[in-house]
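The values are calculated or read from the model by the stated rules, or taken from the named source; none is laboratory data. Keep in mind the model is a prediction, meaning the values are calculated, not measured. Cβ placement follows ideal geometry from the backbone for every residue including glycine, while neighbour counts extend to all protein chains displayed. Remember, those area values only see protein heavy atoms, side chains included, never the ligands or the DNA or RNA. Shrake-Rupley method; radii C 1.70, N 1.55, O 1.52, S 1.80 Å.
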Amino acid sequence: MFYLNTNTASILFQKTLRRSTYVDKSMLISHLNKRIGTDNCFICITRPRRFGKTINANMLGAYYTINQDNHTMFDSLAIAKDPSYTEHLNQHNVIQVDFSKTPDECNSYKDYINYIKNILVSDLENFFGKHKNPGISISDFLIESGQSFIFIFDEWDFCFNESFMSEPDKKNFLKFLKGLLKDRPYTDLMYMTGILPVAKYSSSSELNMFNEYNFMYSSVFDNYFGFNEDEVKYLCKHNESVKYEDLQIWYNGYYLNGNRILFNPHSVCCALENGICQNYWTGTGPMNEIAECIEQNVDEVREDIVKMVSGIPVQIKLYGYSAAEQNMSTRNEILSAMVVYGFLSYNDGQLAIPGYELMEKYEAVLLRQSMGELKKITDRSKEMLNATLNCDSKRIAEILEEVHDSEIPFIQYNDENSLSCVVTLCYLYAREFYYIKREFANGKGYCDYIFFPKKTDMPAIILELKAFHSAENALSQIKNKNYMKEAENYKEIILVGINYDKEKHHTCSIEKYSK
């Protein structure tokens, strides 16, 4: 047995329970138990990769699958206190399919879908006996079994990103799922996960029976995917290899309902288990594809990217992104896709880059040759950092002036936010050596930028921006509001004041501060 009533999920979930970084998400089961046997039993939950979808799918398989006894696995979890706990524990026929598993040779949709169909038919025949009609459809076989089933489909959209899939193949796959699931009396519960939301944005969609809970708008299942603030603090208390504050810098930036913080769970677990914060999540997956789309549509989205790298949220109304809409040819489609894939956070109509782990990737995108005029600006950023470390205020002002005179429309600014975008581009190289915080609560107010050195032999940098005042005024504000307080652990701090005046000229005032 591969799909029907197997013990695979139990074995895999037991291994998960042994991890020192396991977080109990078992109350998801309570929500699902209420849907069993109702006309509200079709659930599709979409989240970015490595946000706990497969772990939860295995948990559900271990809990529901008949002819097993997993009391010892679940008795210590939160679900054990739920009134529905024993009613459904190992009481259901379960068909569990991981759609990311493929045959050794998979060169076409036909290879892929026949692999799945053949395994499912074989399982049904092994369990119920061979059917007298070998050509019977799978759905008719399930009907004639006289049994009811819980379906757990993980990574339902895997094939949509495969090169062997044509547009007709994608439609045929949706029809396969429809024929298996829609209006079938044997379906007690259908739990499906993936990255791409179901293509149900038109009334003719094959899968419009699903209640869809996505990463962009729905909050019903928020608590069961990703780690909240309390969960990460709990893990840090029991795994002291990494400080909570470091995890917050690297992996925090998504949001739960009510503006609660959400962390990337995979990266948090890896950091705690390895004892170091680094990039664990973005090395694979669709990030390169999205970067290529940004490059191909630079005129529409580059300003958004620069603003977000600068720490300025982008206000926009996103319309969603589904498995049927993968062209990413417009600004809205590209930004929506970034949210769906987890590369941007979307909260209260604002887009932002979540965490330093992802910030690194966007910085790398801005350094690509195909970014045109932006690349010319970022190439100056090494000189900008050297000028700052050498306290060369004249050269800093000259570089800003030269950048401002470029042909990029959005840096012909008239406010501090636009100036911030230019400063970000001019200091992009500095991010190799510094963690840069914008609008940082410090001393008696919020300073525009603090550069925290990654190595202790470098000075911290505090940078204050002004429009239509003076560079000296910006420097005085740093001192008067004691912005140096947060960087007091560093032996030396460089204070930088930058002003953009009414005559559209830049000035800079700079000095070193030592304790």
Problem - region 491-515 residues near the modelled Asp405 label - backbone nitrogen below 16 Å, point 7 Å along Cα→Cβ - result: 501, 503-507
Practice task
Mind checking which of Asn70, Ser148, Tyr321 is farthest towards the positive end of the chain's charge dipole, using Cβ charges of +1 (Lys, Arg) and -1 (Asp, Glu) about the Cα centre?
Solution key: Asn70
Handout entry: Added length on full extension, which subtracts the Cα-Cα distance from 0.36 nm per residue, Thr456 to Lys376
Key = 25.8 nm
Problem - Neighbour cut-off at most 14 other Cβ (10 Å), DSSP loop, GluC sites (Glu not before Pro), region 475-515 - result: Glu488, Glu503
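Exactly which trypsin sites (Lys or Arg not before Pro) in region 456-504 are in a DSSP loop and have at most 14 other Cβ atoms within 10 Å?
Here the trypsin sites (Lys or Arg not before Pro) that fit, given the DSSP loop and packing criteria, are Lys491, Lys502, Lys504.
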Fill in the blank from the handout: Taking protein heavy atoms only, a 1.4 Å probe, and rounding to whole percent, the accessible area of the chain owed to carbon and sulfur comes out at 45 percent
Practice task
Please express the shape of region 217-350 as an equivalent ellipsoid: the semi-axes are the square roots of 5 times the eigenvalues of the C-alpha gyration tensor, given largest first in whole angstrom.
Solution key: 29, 17, 14
Practice task
Report, in whole Å, the centroid distance computed from the Cα atoms of region 129-178 and region 355-380.
Solution key: 44 Å
Exercise for the section: List, in the order given, every pair from Lys53/Lys178; Lys130/Lys171; Lys307/Lys481; Lys25/Lys110; Lys233/Lys437; Lys53/Lys132 whose Cα-Cα distance in the structure shown is over 28 Å. Expected result: Lys130/Lys171; Lys25/Lys110; Lys53/Lys132
Exercise for the section: Mind sorting out which of [x] 40, 32, 23; [y] 35, 29, 24; [z] 52, 26, 17 is the real semi-axes √(5λ) of the Cα gyration tensor in Å computed from the coordinates? Expected result: [z]
Exercise for the section: Quick one: P(r) of region 57-141 from all Cα-Cα pairs, 5 Å bins, percents rounded to integers, in order of increasing distance. Expected result: 3, 11, 18, 15, 15, 14, 11, 8, 4, 1
Problem - Bridge type composition, the chain - antiparallel percent by DSSP, nearest 5 - result: 55 percent
